[in-house]
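> My questions will all concern the structure given below.
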Amino acid sequence: MAARIAGLVLAAGGGRRLGGRPKALLEAGGELLVDRAADALRAAGCTPVLVVLGAAAGRVRARARRLDGCTVVENPAWETGMGSSLRAGLAAVPPDADAVAVVLVDQPRVGAEAVARVCGAYRSPGTLAAAAYGGERGHPVLLGRGHLAGAAGAAEGDRGARAYLRAHEREITLVECGDVAGPEDIDTPWDLPAGQDREEGRSWGRTSERASRRAGQQAARQAGEEAGEQASRRAP
């Protein structure tokens with residue numbers, strides 16, 4: 001009997017370096033990244049598909065078009081980092097799932113072909129597999145049921161499953177996916193796809209940079225004023 005592999009999209013991030021725009025609401029090819037990621041898992045045969053939301057969860061639910069049939073999990077602690085989202089998602093994996101394929105919402109070049117390849121590495125509840133790009137480990141990551149509790153327990157801060165995977169490096173089957181996908185993620189406005197989103201992203205970036213400059217100038221003025229006052233007090 002074929003393994004039942006659940007799919008998990010981690011899509012709770014607030015996009016701090018994108019000027020506070022939630023990554024789930026970014027677009028590529030005219031589609032929301034959260035829709036693209038859910039579609040990739042569904043097309044690869046994952047069932048059920050779970051989506052962890054956090055920042056602007058209500059707006060994401062309202063705008064997303066292809067989350068019907070998905071199990072949507074809201075992570076109220078999303079600001080603490082990806083670790084809490086991974087824990088929330090793994091806790092929602094149904095007990096009859098043999099494994100879970102984990103993807104990140106901000107990697108639009110990871111599609112169904114890469115997910116299917118990695119899922120094809122499943123052999124047992126002890127399976128650990130991951131996509132590789134030029135030999136370097138990336139996503140999707142496949143966690144056999146025997147690893148779910150351990151991965152959840154090790155998920156802290158922004159590390160997600162990274163610490164757990166490092167500790168079990170020798171057990172991981174790497175599946176080369178560089179010919180069908182790419183590991184590039186979207187972390188800054190300049191990582192956004194060409195078009196309107198990139199222009200808006202640059203605007204957010206410029207706004208953030210201007211705010212930082214203003215804060216720095218204000219701090220410098222304040223420091224100068226304090227130095228002047230101290231000099232006046234020391235003067236005879």
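> Those residues that are open to solvent by 40 Å² or more (accessible area, probe 1.4 Å) and touching a helix residue (DSSP H, G or I) at 6+ places or on another chain (Cβ under 7 Å), I need them from the range 92-135; list them, please.
Correct list: Asp98, Pro125, Gly126.
> Hey, among Cys46, Cys70, which residue is surrounded by fewer than 22 Cβ atoms within 10 Å (Cβ to Cβ), on the phi < 0 side of the Ramachandran plot and not aliphatic (A, V, I, L, M)? Lay out the reasoning, then the answer.
Values: Cys46 fails: surrounded by fewer than 22 Cβ atoms within 10 Å (Cβ to Cβ).
Exactly one residue qualifies, and that residue is Cys70.
> If you don't mind, there's one more thing I want to ask. When only residues in the range 150-169 that are of a type in the set (Gly, Ala, Ser) and in a helix (DSSP H, G or I) count, which is least open to solvent (accessible area, probe 1.4 Å)?
Looking at the filtered set, the residue picked out is Ala151.
> Step by step: first the residues of the range 5-39, then only those that are surrounded by fewer than 24 Cβ atoms within 10 Å (Cβ to Cβ) and assigned to a strand (DSSP E or B), then the one that is farthest from the chain's Cα centre (by Cα). Which residue is that?
Glu31
> Within the range 100-149, track down each residue that is of a type in the set (D, E, K, R), touching a residue at least 24 places away in the same chain (Cβ under 8 Å) and outside any helix (DSSP H, G or I).
If the condition is that a residue be of a type in the set (D, E, K, R), touching a residue at least 24 places away in the same chain (Cβ under 8 Å) and outside any helix (DSSP H, G or I), then Asp106, Arg109, Glu136, Arg137 are the ones that fit.
> Is it the case, given these coordinates, that Ala91 is in contact with a strand residue (DSSP E or B) (Cβ under 6 Å, 6 or more places away or on another chain) and closer than 23 Å to Arg159 by Cα?
Values: in contact with a strand residue (DSSP E or B) (Cβ under 6 Å, 6 or more places away or on another chain): no; closer than 23 Å to Arg159 by Cα: yes.
The answer is no for Ala91.
> Against the condition outside any helix (DSSP H, G or I) and closer than 22 Å to Asp191 by Cα, how does Gly69 come out, does it pass?
Values: outside any helix (DSSP H, G or I): yes; closer than 22 Å to Asp191 by Cα: no.
So Gly69 fails the test.
The values are calculated or read from the model by the stated rules, or taken from the named source; none is laboratory data. Keep in mind the model is a prediction, meaning the values are calculated, not measured. So basically every Cβ, Gly included, is an ideal-geometry build from the backbone, and we count neighbours across all protein chains shown. Areas reflect the complete protein model, heavy atoms only, side chains present, ligands, DNA and RNA absent. Shrake-Rupley method; radii C 1.70, N 1.55, O 1.52, S 1.80 Å.
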